[in-house]
2 protein chains.
Amino acid sequence: MDRSAFGEAEPSLEEKREALLALLREVKATSAVLARADHATRQRALAAMADALEADRDEILAANAEDLRLAEETGLDAPRKERLTLNPGRIRAMADGLRALVDLPDPLAPRGEMWTRPNGLLIERVPVPLGVIAIIYESRPNVTADAAGLAIKSGSAVVLRGGREAHHSNAAIAASLQKGLRAAGLPEKTAVVVPWTDRELVEVVLTARGLVDLAIPRGGHGLIQYVVRTAQVPTLETGVGNNHLFVDRSADFAKATRIVVDAKTDRPAVCNALETLLVHREIAEAWLPEAGRALVDAGVELRGCPESVRILRAHGIPVREATEEDWETEYLDLILAVRVVGGLDEALAHIARYGTGHSEAIVAEDRETAEAFLAAVDAAAVYHNASTRFTDGGEFGFGAEMGISTQKLHARGPVGPRELVSYKYVVRGNGQVRGFRAQDR
Amino acid sequence: MDRSAFGEAEPSLEEKREALLALLREVKATSAVLARADHATRQRALAAMADALEADRDEILAANAEDLRLAEETGLDAPRKERLTLNPGRIRAMADGLRALVDLPDPLAPRGEMWTRPNGLLIERVPVPLGVIAIIYESRPNVTADAAGLAIKSGSAVVLRGGREAHHSNAAIAASLQKGLRAAGLPEKTAVVVPWTDRELVEVVLTARGLVDLAIPRGGHGLIQYVVRTAQVPTLETGVGNNHLFVDRSADFAKATRIVVDAKTDRPAVCNALETLLVHREIAEAWLPEAGRALVDAGVELRGCPESVRILRAHGIPVREATEEDWETEYLDLILAVRVVGGLDEALAHIARYGTGHSEAIVAEDRETAEAFLAAVDAAAVYHNASTRFTDGGEFGFGAEMGISTQKLHARGPVGPRELVSYKYVVRGNGQVRGFRAQDR
């Protein structure tokens, strides 16, 4: 906590609010400087930020040790402690992430959208930075560097508010990033960490209309809901993926098994992992035992509808009975819900009811069924004969990403540099007016 | 008010809430039917809606007469009564507006964005409808038809909540539009009016996450602020335009005068009208009297900074002294604030402080100054040597529009059919998986 501005006494919440608003105003003013910076400057800044992170490794690890010591005191659970922990390899990975952004195309480069109107006006639609992006996130300190890098690549300043338990780590990382910004001739207030961790201050950020142009939550369901409900600034909802795989009666069994195992087990804790398997009744007897065996061998716990439970148990495959809650749950764990459905329509209805609009897949050799599925499912990414795990900025060819948007406004799916910009219309004339009265003059 | 579902007694607010939520669920379900409708069907629906409006002219005028009678009772002010009034010409204009949408390009047509990844995945980015769009608006009943038409052109269902004083008119227009939808084979719940006018029900619409995909306020500053602050569904902020014209020292005086008069007087009550004139000090003495005279002749009241007041009064041109409030005000009337500035930087600072990000213009012959202005100003539309009045979907060549977005997310500037859609990624594979474990099998 930065008490310097207030002497030794902890400032009151009201003082912090005022100080934070003043900081946000500074960041907003700073964002205009960054908006005018050319791509080469932004590239230099990213490279310098990466170098600074590596140069400051010991300071960052010391700050992280302090967070881990406090985590010990407060009894933080093991998975969160794991996510909080930094080491030289993770710091190098942050630096490499910043370096990987350098050579991505400039999202602010003109896109050649220009046309002339009959009255001679030349209209151009040009990409422009969003301005100030606020990121509200949880335990992982690497988000501090990743999010700052993406914002700066896209010409926007960034306000970072990470988890309370990672505050020392985040502040140390941000201090290092600011050195990089200064080295590239950019103001250090281009990337700032909210200096206090009071929950009430998140609300200050989320309601700072005119100062914050976009707020992005990165974390679990609770955090995302809090941000979306509280924010008066525009938000980008990311991340929750209650994803389904529908295995049609026309499926190639080997493909189906390979895909279900990959989608569930490759990295179960991420948002593009599979959570529910829907199986066409006509092939359930023939394929489900093979799939169930492969999943159980890969360490997956199965929770099935009565029909799938009957089939699986008949083949000696362990399975629990699923409840309504299972269809609603994004496990983020080695657990898979399984349901036998009558066909495409029932699969679509299940997905429409329980899906979160993230990633949905069908395995089918019948092209018509596959195309009907791809057309009907309302999600950021829909797959035919491929794993849901590909919903990822890198896998789509966008380079890094800020998250996977599950909303329909602005950006859907992977949010890369190209999605983190806005646009404006530049109109060039030679005296054009619209009204008759004025033209008569 | 539709009391039929509840017999004669007025339902309680809680009953209305429940009924409205049930209606929203129906609209959401219906939106999937519309989403699958091809462009020809949507075109037929628009044409049939236009025909129905004209066929039902007498019913609509009778409903409007009832609203006007109630407006008399409640003492509605004259301008609002004027906006509320329908006549055969206005009904024909609504129908023609719908017909004009028919031949606009299909915003859901594929845009050819398709690429193949090294692993063979074929990724396509395809436009998709938003789903359900809610429009919250004020007096003008024509918005009912305009907004419904734009939504349906874009493949989205629409929930309409207009001003209380226009409720009978809006309900009659919607009933007519629904006939058109039925005639084209689309469900009538594709376009619905909220059946009660209680203010509390607006909140039900604005917080219906999962049922409403986008809420758009159309109206004055108060309505827009209410919607943006209350909504938990995504919103598109439209309309407030505190627009500036900066006349540089390099300006062509004749162009400058023509543009300032047009921008202020062509249609002062609309959001792209000019509100503040900024004049470079070096030409203030030479040009301001000419401009002031032309403006006053056109019926404009001037409110100036001390320097402009001195210059104008020296030439016998009437002008009031401006207060801080004048710089902040979107007059929407024949009033213009005038300020003399030291140059480009001072003009930019004024615009950054008081502008609402709508339309900002410079008149200058010096190319470098003009380009610096166009690059630095953060607004939906920036103009060089042209009137701000061109910020309009029709003038930009987009056809109709839902309003002018002043936010940076999703859509900025005129919101036409192309801006009223989302997209999804369709990924076609032949068994691709991401993880090594699964690939090893």
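From the list B:T391, B:T369, the lone residue that is surrounded by fewer than 23 Cβ atoms within 10 Å (Cβ to Cβ) and among the β-branched types (V, I, T) is B:T369.
Figure legend. Inter-residue proximity from the stretch A:372-389: first residues closer than 15 Å to A:A273 by Cβ and facing chain B (nearest Cβ under 7 Å), second residues surrounded by fewer than 23 Cβ atoms within 10 Å (Cβ to Cβ) and of a type in the set (A, V, I, L, M, F, W, C), beta-carbon distance below 7 Å, spacing 6+ or different chains. Indicated pairs: A:A386/B:L121. Scanning the stretch A:90-110 turns up one or more residues that are of a type outside the set (A, V, I, L, M, F, W, C), open to solvent by less than 70 Å² (accessible area, probe 1.4 Å), part of a helix (DSSP H, G or I) and modelled with pLDDT under 95.
Annotation: A:G431 fulfils all but one of (1) more than 10 Å from chain B (Cβ to nearest Cβ); (2) surrounded by fewer than 23 Cβ atoms within 10 Å (Cβ to Cβ); (3) on the phi > 0 side of the Ramachandran plot; the unmet one is (1). Per the conditions (1) over 23 Å from A:Y383 (Cβ atoms); (2) within 14 Å of chain B (Cβ to nearest Cβ), the sole criterion not satisfied by A:L295 is (1).
Could you list, in sequence order, all residues of the stretch B:37-75 that are farther than 26 Å from B:L130 by Cα, assigned to a loop (DSSP other than H, G, I, E, B) and of a type in the set (D, E, K, R)? Result: B:D56, single match.
Go through the residues of the stretch A:324-345 one by one and say whether even a single one is without any contact (Cβ under 8 Å) to a residue 40 or more places away in the chain and surrounded by 23 or more Cβ atoms within 10 Å (Cβ to Cβ). Checked the stretch A:324-345: no residue is without any contact (Cβ under 8 Å) to a residue 40 or more places away in the chain and surrounded by 23 or more Cβ atoms within 10 Å (Cβ to Cβ).
Going residue by residue through the stretch A:46-55, is there one that turns out to be within 14 Å of chain B (Cβ to nearest Cβ) and either open to solvent by 60 Å² or more (accessible area, probe 1.4 Å) or under 22 Å from A:M402 (Cβ atoms) (or both)?
Taking the stretch A:46-55 as the starting set, the residues that turn out to be within 14 Å of chain B (Cβ to nearest Cβ) are none.
Checked against the condition, which is being within 14 Å of chain B (Cβ to nearest Cβ) and either open to solvent by 60 Å² or more (accessible area, probe 1.4 Å) or under 22 Å from A:M402 (Cβ atoms) (or both), the stretch A:46-55 yields no hits at all.
The set of residues from the stretch A:390-405 being more than 11 Å from chain B (Cβ to nearest Cβ) and of a type outside the set (D, E, K, R) comprises A:G393, A:G399, A:A400, A:M402, A:G403. Screening B:R199 on (1) within 18 Å of B:E14 (Cβ to Cβ); (2) within 14 Å of another protein chain (Cβ to nearest Cβ); (3) open to solvent by 30 Å² or more (accessible area, probe 1.4 Å) shows it passes everything except condition (2). Here is the figure for the stretch A:251-293: residues that are closer than 30 Å to A:G220 by Cα and assigned to a helix (DSSP H, G or I) total 12. Looking only at the stretch B:76-87, decide whether some residue is out of contact with any helix residue (DSSP H, G or I) (no Cβ under 7 Å at 6 or more places or on another chain), touching a residue at least 24 places away in the same chain (Cβ under 8 Å), part of a helix (DSSP H, G or I) and loosely packed, with under 15 Cβ neighbours inside 10 Å. The answer is no, given that none of the residues of the stretch B:76-87 is out of contact with any helix residue (DSSP H, G or I) (no Cβ under 7 Å at 6 or more places or on another chain), touching a residue at least 24 places away in the same chain (Cβ under 8 Å), part of a helix (DSSP H, G or I) and loosely packed, with under 15 Cβ neighbours inside 10 Å. Of the strands (runs of 3 or more DSSP E) lying entirely inside the stretch A:179-250, those containing at least 1 residues that are over 30 Å from A:A386 (Cβ atoms) and hydrophobic (A, V, I, L, M, F, W, C) are A:191-193, A:214-218. In the condition set (1) more than 28 Å from A:V426 (Cβ to Cβ); (2) away from chain A (no Cβ under 14 Å), B:W327 is compliant with all but (1).
Can you pull out every residue in the stretch B:212-225 that is open to solvent by 10 Å² or more (accessible area, probe 1.4 Å), in contact (Cβ under 8 Å) with a residue 24 or more places away in the chain and among the small types (G, A, S)? Walk me through how you get there before you give the answer.
Initially, the stretch B:212-225 is screened for residues open to solvent by 10 Å² or more (accessible area, probe 1.4 Å), giving B:213, B:218-223, B:225.
With the extra rule that they be in contact (Cβ under 8 Å) with a residue 24 or more places away in the chain, the set shrinks to B:213, B:218-221, B:223.
Correct list: B:G219, B:G220.
Does any residue of the stretch A:268-276 turn out to be open to solvent by 10 Å² or more (accessible area, probe 1.4 Å) and either hydroxyl-bearing (S, T, Y) or more than 14 Å from chain B (Cβ to nearest Cβ) (or both)?
Taking the stretch A:268-276 first, the residues open to solvent by 10 Å² or more (accessible area, probe 1.4 Å) are A:268-271.
Narrowing further to those that are either hydroxyl-bearing (S, T, Y) or more than 14 Å from chain B (Cβ to nearest Cβ) (or both): none.
Within the stretch A:268-276, not a single residue is open to solvent by 10 Å² or more (accessible area, probe 1.4 Å) and either hydroxyl-bearing (S, T, Y) or more than 14 Å from chain B (Cβ to nearest Cβ) (or both).
Scanning the stretch B:127-168 for residues that are open to solvent by 10 Å² or more (accessible area, probe 1.4 Å) and of a type in the set (D, E, K, R) yields B:E138, B:R140, B:D146, B:R161, B:R164, B:E165. Of all the numbered requirements in (1) assigned by TED's automatic domain parsing to the domain that holds A:G112; (2) buried (at least 21 other Cβ atoms within 10 Å of the Cβ), A:V421 misses one, and that requirement is (2).
Report whether or not B:R25 is over 25 Å from the mean Cα position of the chain (by Cα) and either at pLDDT 95 or above or in a helix (DSSP H, G or I) (or both). In short, yes.
Examine the stretch B:254-263 for a residue that is within 30 Å of B:L420 (Cα to Cα), out of contact with any Gly (no Cβ under 7 Å at 6 or more places or on another chain) and within 14 Å of another protein chain (Cβ to nearest Cβ), and state whether such a residue exists. Yes, because at least one residue in the stretch B:254-263 is within 30 Å of B:L420 (Cα to Cα), out of contact with any Gly (no Cβ under 7 Å at 6 or more places or on another chain) and within 14 Å of another protein chain (Cβ to nearest Cβ).
Please state which one of B:R182, B:R209 is within 14 Å of chain A (Cβ to nearest Cβ), open to solvent by 10 Å² or more (accessible area, probe 1.4 Å) and free of Cβ contacts under 8 Å to residues at least 60 places away in the same chain.
Details: B:R182 fails: within 14 Å of chain A (Cβ to nearest Cβ).
Just a single option satisfies the conditions, and that option is B:R209.
Any residue that is assigned to a strand (DSSP E or B) and aliphatic (A, V, I, L, M) - is there at least one of those in the stretch B:322-331?
Kept after step one, since they are assigned to a strand (DSSP E or B), are these residues of the stretch B:322-331: none.
No, the stretch B:322-331 has no match at all.
Scanning for something out of contact with any Ser or Thr (no Cβ under 8 Å at 6 or more places or on another chain), open to solvent by 30 Å² or more (accessible area, probe 1.4 Å) and acidic (D, E), does the stretch A:226-243 turn up at least one residue? Checked the stretch A:226-243: no residue is out of contact with any Ser or Thr (no Cβ under 8 Å at 6 or more places or on another chain), open to solvent by 30 Å² or more (accessible area, probe 1.4 Å) and acidic (D, E).
Just give me the residues in the stretch A:121-178 being part of a helix (DSSP H, G or I) and over 23 Å from A:A47 (Cα atoms), in sequence order. Before you say what the answer is, go through the steps one by one.
If we filter the stretch A:121-178 for residues that are part of a helix (DSSP H, G or I), which is where we start, we get A:142-153, A:164-178.
Those that are part of a helix (DSSP H, G or I) and over 23 Å from A:A47 (Cα atoms): A:R164, A:E165, A:A166, A:H167, A:H168.
Can B:R353 be described as open to solvent by 10 Å² or more (accessible area, probe 1.4 Å), more than 10 Å from every other protein chain (Cβ to nearest Cβ) and at pLDDT below 95? Even if it seems obvious, please write down each step before you answer.
Working: open to solvent by 10 Å² or more (accessible area, probe 1.4 Å): yes; more than 10 Å from every other protein chain (Cβ to nearest Cβ): yes; at pLDDT below 95: yes.
Yes: the conditions hold for B:R353.
Are any of the residues in the stretch A:280-297 farther than 25 Å from A:K255 by Cβ, surrounded by 17 or more Cβ atoms within 10 Å (Cβ to Cβ) and in contact (Cβ under 8 Å) with a residue 60 or more places away in the chain? No.
The values are calculated or read from the model by the stated rules, or taken from the named source; none is laboratory data. From a predicted model like this one, the values you see are computed outputs, not experimental measurements. Please note: Cβ atoms are built from the backbone with ideal geometry, for glycine as well, and neighbour counts cover all protein chains shown. Note: accessible area is taken over every heavy atom of the protein model, side chains too, but ligands, DNA and RNA are not part of it. Shrake-Rupley method; radii C 1.70, N 1.55, O 1.52, S 1.80 Å.
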